[in-house]
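See structure below.
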Amino acid sequence: MSLKDKYAIVGIGYTPQGRLPGRTSLGFHLEACANAIADAGLKKDDIDGLICYRAFPGTADEGMVTPYLVAQRLGIAPTYMSQDANCSRSHIQHAIGALEAGFCNTVVISYGHNAASSDSMTRMLMEMHPDDAAFGNFGAAAGYALAARRAMHEFVTGPETWKHIAVGQRKWANLNPAAQMHSRPMSFENYRNSRPLIDPFTLFDACLTTDGGRAVVITSAQRARDLKHHPAYIMGIGQHNPSVEPSRSTFMAGPTGAKKASQAALRMADISLSDIDACEIYDCFTYTVEITLQDYGFFGPGEGKDWFQDGTIEPGGRMPVNTSGGLLSEAYFMGLTPLSEAAMQLMGRCERRQLGPTTGTKSPEIIIASDNGGILQTHTCTVLRR
């Protein structure tokens, strides 16, 4: 039995985003959820499923945020609730699985974090691999740097490839008034001169840290037809979890979990890569975009530099990528940044950055979106259509 086109994203919730001192992670979850429910044209009593992205270490002013707490403060009593363990990326599968099993009828997936104005993100990253600190390896950035450095050895890649990703996504952010980097253009020279972060990455290779929240509402395609917006239908989903710690992995230069996840998603959707009009890729680092697109099959190992040339992913390009600015230039809401943008584009609600005549690109019918967790240890691929 195929799940193709049986479920759809029907509402998206945004909050203010950037650096917003005095706000709590719980507050961002609640605002994002409430806005997503209203955006779908629903009431809170219509929501019987709640899935929250991972909990972060509590701050002095706020304890751990759980789905139970979010549900309590929203005033809902879901028949299905879940929160991912560690950094897994199974939220879409959980939502569709719960809907398919009949455990609930309408699910909200939410993320909220005061990451920019608290130390909870830093503490979480430092706690991921505490023993590695003895070797000078601190947090996720070091893990992805190892992957990128290995890729530079395995095939021809590096800053001359990654500059096209950083600059291309910034051009999309410059069209997005909500993006953190909306008013800050970037040139190749800016990229080359950005301060070192951790070899081989510089500051502009790394994603933003953001205060804010994001949420999406998912329900059946049948119900979606009666709601407020034209829905974004879920054609296919796939997941793969290599799971191995980076220091023991054999996949640092690929193939990562993206390869099998995308194959499964495209197989369910019954399409090929040639049918894809745009990509919304989890981009914690520029290299993550390259290796994901490579493993999806858009180009072969070592071919990224040529593929990204001449504005491929930019406004006016032949394969737009991360049209909100992505994690690099819009805001960091884990996999909800790319997923919500894919849905918004397919709903035709992106104004100045809308794919089609406005940005000199093809009007989108099918968009592929990714979510990635750990250090390339878990990957989800979702194919959506108009």
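Derivation of every value follows stated rules applied to the coordinates shown; laboratory data play no part. Everything quoted here is computed from the prediction, not taken from an experiment. Please note: Cβ atoms are built from the backbone with ideal geometry, for glycine as well, and neighbour counts cover all protein chains shown.
Which translational diffusion coefficient, to the nearest whole µm²/s, is obtained for the range 240-300 from the Stokes-Einstein equation, given a Kirkwood hydrodynamic radius over C-alpha pairs, 20 °C and 1.002 mPa s? It would help to have the intermediate numbers written out before the result.
Details: Rh = 12.4 Å.
Value of D from the Cα-based Kirkwood radius: 172 µm²/s.
Give the Rg (one decimal place) followed by the Dmax (whole number) of the chain, computed from C-alpha coordinates and expressed in Å.
That works out to 19.3, 57 Å for Rg and Dmax.
Is the range 228-339 rounded, prolate or oblate when judged by the Cα gyration tensor, a ≥ b ≥ c being the square roots of its eigenvalues, rounded requiring a/c under 1.5 and prolate requiring a/b larger than b/c? Spell out each step's value before the answer.
On the way: a/c = 1.35, a/b = 1.17, b/c = 1.15.
Taking the square roots of the gyration eigenvalues as a ≥ b ≥ c, the range 228-339 is rounded.
I'd like the projected area of the range 325-386, averaged over all directions, using the convex hull of its alpha carbons. Report it in nm² with one decimal.
On the way: hull surface 17.6 nm².
Mean orientational projected area (the range 325-386, Cα hull): 4.4 nm².
Please compare each pair in Lys260/Lys362; Lys4/Lys43; Lys259/Lys305; Lys171/Lys260; Lys44/Lys228 to a cut-off of 22 Å on the Cα-Cα distance and tell me which ones are over it.
Details: Lys260/Lys362 27 Å; Lys4/Lys43 27 Å; Lys259/Lys305 20 Å; Lys171/Lys260 31 Å; Lys44/Lys228 15 Å.
The pairs that break the limit, which is 22 Å between Cα atoms, are Lys260/Lys362; Lys4/Lys43; Lys171/Lys260.
When a/c reaches 1.5 or more, the comparison of a/b and b/c decides; with that in mind, is the range 277-386 rounded, prolate or oblate per its Cα gyration tensor? List each step's numbers first, then the result.
Values: a/c = 1.69, a/b = 1.21, b/c = 1.40.
It is oblate, given that a/c is not under 1.5 and a/b is not larger than b/c.
What residue among Pro159, Pro338, Pro185 has the largest mean-square fluctuation in a Gaussian network model of the chain, using Cα springs under 10 Å?
Checking each option, the largest mean-square fluctuation is seen for Pro185.
So what are the ³J(HN,Hα) numbers for the range 334-351, from phi and the Karplus equation (6.51, -1.76, 1.60; θ = phi - 60°), rounded to whole Hz, Gly and Pro as x?
My calculation for the range 334-351 gives 6, x, 6, 5, x, 5, 5, 5, 4, 5, 4, 5, 5, 7, x, 10, 9, 6 Hz in order.
Return Ser247, Ser194 ranked ascending by Cβ neighbour count within 10 Å, so the fewest neighbours appear first. Intermediate results must be reported in sequence, preceding the final value.
Values: Ser247 14, Ser194 18.
Least to most surrounded, the residues fall as Ser247, Ser194.
How would Thr382, Thr256 line up from fewest to most surrounding beta-carbon atoms within 10 angstrom? Numbers along the way, then the final one.
On the way: Thr382 30, Thr256 25.
Fewest-to-most ranking of Thr382, Thr256: Thr256, Thr382.
Once you wrap a convex hull around the alpha carbon atoms of the range 304-349, what is its projected area averaged over all directions, in nm²? Let's see the in-between values first.
Values: hull surface 14.9 nm².
Result: 3.7 nm².
Work out from phi, with θ = phi - 60° and the Karplus expression 6.51 cos²θ - 1.76 cosθ + 1.60, the ³J(HN,Hα) of each residue of the range 241-249, listed in order in whole Hz, and give x for Gly and Pro.
The phi angles translate into 10, x, 6, 5, 4, x, 5, 10, 7 Hz.
Classify the range 166-282 from the C-alpha gyration tensor, please: rounded if a/c falls under 1.5, else prolate or oblate depending on whether a/b exceeds b/c.
Numbers: a/c = 2.14, a/b = 1.26, b/c = 1.70.
Oblate shape, in that a/c is at least 1.5 and b/c is the bigger or equal ratio.
Between Asp119, Asp371, Asp39, where does the largest GNM mean-square fluctuation fall for the chain, given springs only between Cα atoms within less than 10 Å?
Asp119
Any idea what log10 I(q)/I(0) is at q = 0.15, 0.20, 0.22 Å⁻¹ for the range 142-206, Debye with uniform C-alpha scatterers and no solvent?
-0.50, -0.80, -0.91
Can you sort His230, His94, His153 from fewest to most other Cβ atoms within 10 Å of each residue's own Cβ?
Details: His230 15, His94 19, His153 9.
Starting with the residue having the fewest Cβ neighbours, the order is His153, His230, His94.
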